[in-house]
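Taking it in order: structure first as structure tokens, then the write-up.
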Amino acid sequence: MKYLILVSHGKFSEGLKDALGMFVGDNMDSVRAIGLQPGEDTQILAARFKKLVSELTVDAELVVLGDIMGGSPLTTITNVLNQEGKLGKSIILGGVNFPMALNAAILKDSLSQQDLVTAIMKEAVSSVKQFSLIEKSNENDDDI
């Protein structure tokens with residue numbers, strides 16, 4: 001079974017999981033969220049994550065989306081996955097945004113690891129856009 005693990009500083013990952021639930025609905029059994037809380041030591045986060053991993057199926061494959069590549073939460077989770085021998089069965093991406101998390105949640109069970117990474121990364125980049133107003137023309141072609 002493939003699991004989507006959302007990792008962040010603070011409660012960002014929990015909020016992201018909550019928002020995903022509005023779109024994914026009943027398919028949230030395989031989504032987990034964990035964050036490094038203010039004032040919390042990374043060793044405590046590591047212990048909480050080890051417990052989370054122990055509750056997953058033995059053959060679990062993980063798609064880990066972190067808020068910042070190289071940040072303490074994602075680095076801690078990566079170290080635990082290495083210690084638990086699960087790093088080889090994991091996809092780890094940093095810089096998560098909602099569209100990429102939604103893509104991961106929907107596609108994780110239907111694509112190979114490489115195709116999933118490609119789809120998630122494509123969505124991550126293509127979804128970031130600047131909002132701009134477009135002026136509506138006052139000309140009406142029907143008046144001719």
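Just so you know, all these numbers are worked out from the coordinates, no wet-lab data involved. Note that the coordinates shown come from a computational prediction; the quantities given were computed from them, not determined experimentally. Cβ coordinates were reconstructed from backbone atoms using ideal geometry, including for glycine residues, and neighbour counts include every protein chain displayed.
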- Query: What order, most packed first, do the peptides 80-90, 51-61 have when packing is the mean number of other Cβ atoms within 10 Å of each residue?
  - Reply: 80-90, 51-61
- Message: What is the angle, in °, between the Cα long axis of helix 12-24 and the longest principal axis of the Cα atoms in the chain? Nearest 10 is fine, range 0 to 90.
- Response: 60 degrees
- Message: Suppose a student asked you for the relative contact order of the chain, using Cα pairs under 8 Å spaced at least 6 residues apart; what percent would you report?
- Response: 26 percent
- Roughly how tilted is helix 113-126, in degrees to the nearest 10 and between 0 and 90, from the longest Cα axis of the chain? 40 degrees
- Long-range amide H partners of Leu62 with built H, under 5 Å: Tyr3, Ser90, Ile91
- Note on the structure: Across 10 Å bins beginning at 0, the whole-percent shares of Cα-Cα pair distances in the range 1-135 come to 12, 45, 33, 8, 2, 1
- Message: Going by Cα centres, the range 75-105 and the range 112-133 are how many Å apart?
- Response: 16 Å
- Task: Taking H placed 1.01 Å from N in the peptide plane, check which residues at least 5 places from Gly95 or on another chain put their amide H under 5 Å from its amide H.
- Result: Gly66, Asp67, Ile68, Met69
- Item | Degrees, to the nearest 10: 72-83 long Cα axis against longest axis of the chain | 50 degrees
- The lysines whose Cα lies under 29 Å from the Cα of Lys89, excluding any fewer than 8 residues away in the same chain, are Lys2, Lys11, Lys17, Lys50, Lys51, Lys108, Lys122
